[in-house]
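Report on the structure given below.
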Amino acid sequence: MKDKQDALVNFKKAHSHLANLIKMTEQGEYCINIMQQNLAVIGLLKSAHQMLMENHLNTCFKTAMSTKNEKRKQEMTQEILGVTRLFNK
């Protein structure tokens, strides 16, 4: 649960940075400053993603893997692979 709360903090920070990024762009700020702000948002979102992945693997995924339900295990594995593919695009 702590990972989800930490991810939420990152999402809120990213939201604030994003609002600032929009304002900077609208006001025609220097491109490098906008790009640095953009990288900060990307970093926060990547970090939040990692926290959520770790939480999922340590809770939902771990629980599913400890059952005898082979279909559920396969579904959970496919979900992880799908999210990993999306993240790596």
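A short reminder: the numbers here are calculations on the coordinates, not readings from a lab. Just so you know, these numbers come straight off a predicted model, no measurement behind them. Because the Cβ atoms are built from the backbone with ideal geometry, glycine has one as well, and the counts that use them run over all protein chains shown.
P(r) for the stretch 42-89, from all Cα pairs and a bin width of 10 Å, is 25, 48, 22, 5 %, short bins first. Rounded to the nearest 20, the Cβ-based charge dipole of the chain about its Cα centre (Lys and Arg +1, Asp and Glu -1) stands at 360 debye.
Computed as a quarter of the hull surface, the mean projected area of the alpha carbon convex hull for the chain stands at 6.6 nm². With the charge dipole of the chain set up from +1 on Lys and Arg Cβ and -1 on Asp and Glu Cβ about the Cα centre, the Cα lying farthest toward the positive end among the listed residues Gln5, Met35, Leu81 is that of Leu81. The slack in the chain from Ile42 to Leu81, taken as 0.36 nm per residue of separation less the alpha-carbon distance, amounts to 11.9 nm. So what's the net charge close to Met51: Lys and Arg +1, Asp and Glu -1, counting the other residues with Cβ under 15 Å from its Cβ? For residues surrounding Met51, the net value is +2. Qualifying trypsin sites (Lys or Arg not before Pro) in the stretch 1-75, where qualification requires a DSSP coil assignment and no more than 16 other C-beta atoms within 10 Å, comprise Lys68. Residue order for Ser16, Ser66, fewest other beta carbons within 10 angstrom first, comes to Ser66, Ser16. In this simple spin-label model, placing a label point 7 Å from the Cα along the Cα-to-Cβ direction at both Ala64 and Asn33 gives a separation of 4.6 nm. This ranking places Leu52, Leu39 by how few other beta-carbon atoms lie within 10 Å of each, fewest first, which gives Leu39, Leu52.
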